[in-house]
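A short worksheet on the structure shown next.
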Amino acid sequence: MHEYVLAANQLRAAGQSISAIEVNLSCPNLEGRSGIIAHDPSLAGRIISAVCSESIVPVWAKLSANTDRVVEVSTAVRDAGASAITLINTMLGMQISTSSGRPSLGNGGGGLSGPAIRPIAIRAVHDVKAAMPDVDIIGVGGIASGNDAIEMMMAGARAVQVGTASFASPSAVWDIARDAAVRMKELGFSSWADVVGCVHRS
């Protein structure tokens, strides 16, 4: 926990030049799978509370879908002071080299990202939004087109992040934003507010 608090304290010097601090609780910060903080509602809540006490800007909590407690953890970090919840991080996966008969990654497994995890991310966003209608969610996971972004927003995300797609195309963020605006109009929506969480109103 100390490192999170220290980082938040050091960021105070940046003042309002940063919009928010995203606290990544969803990578293995300790050895083994049991070290993923976002699997423990109590610990995740304590860390967010500590960071919020040091931060002068909004604090977001980035959580994992590698658990069946995503709604419980989301509730804990929201109650601890998180201004928004980022869903999701990579999913645990493994690839084995058939030539060597050994895992392709030195650590054995790793995080799977990209289009394969989008349905998982959408489900996580949907479930958290259904449980906490007033929470702000940033949707992440496999967004590669404007339509993907709109799908995530329909599930309940107020904003999205783009990761893997930007490796293939540095302009992906701008391309997706432009395409999403066009697609929104094609679908008959007049504002982004009408898109966000619309699946819960149907």
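None of the figures in this text is laboratory data; all of them are computed from the coordinates on show. This one's a predicted model, so the numbers in the text were calculated from it and none came from an experiment. Reconstructed Cβ throughout: ideal geometry from the backbone, glycine too, with neighbour counts over all protein chains shown.
A few remarks follow.
- Net charge over other residues, Cβ less than 10 angstrom from the Cβ of residue 65 (K, R count +1; D, E count -1): -1
- Residue by residue, the stretch 110-117 carries 3J(HN,Hα) couplings of x, x, 8, 10, x, x, 4, 9 Hz when phi is fed to the Karplus relation 6.51 cos²θ - 1.76 cosθ + 1.60 (θ = phi - 60°); x denotes Gly or Pro.
- When each of the peptides 98-109, 185-196, 134-145 is scored by the mean number of other C-beta atoms lying within 10 Å of its residues, the order from highest to lowest reads 134-145, 185-196, 98-109.
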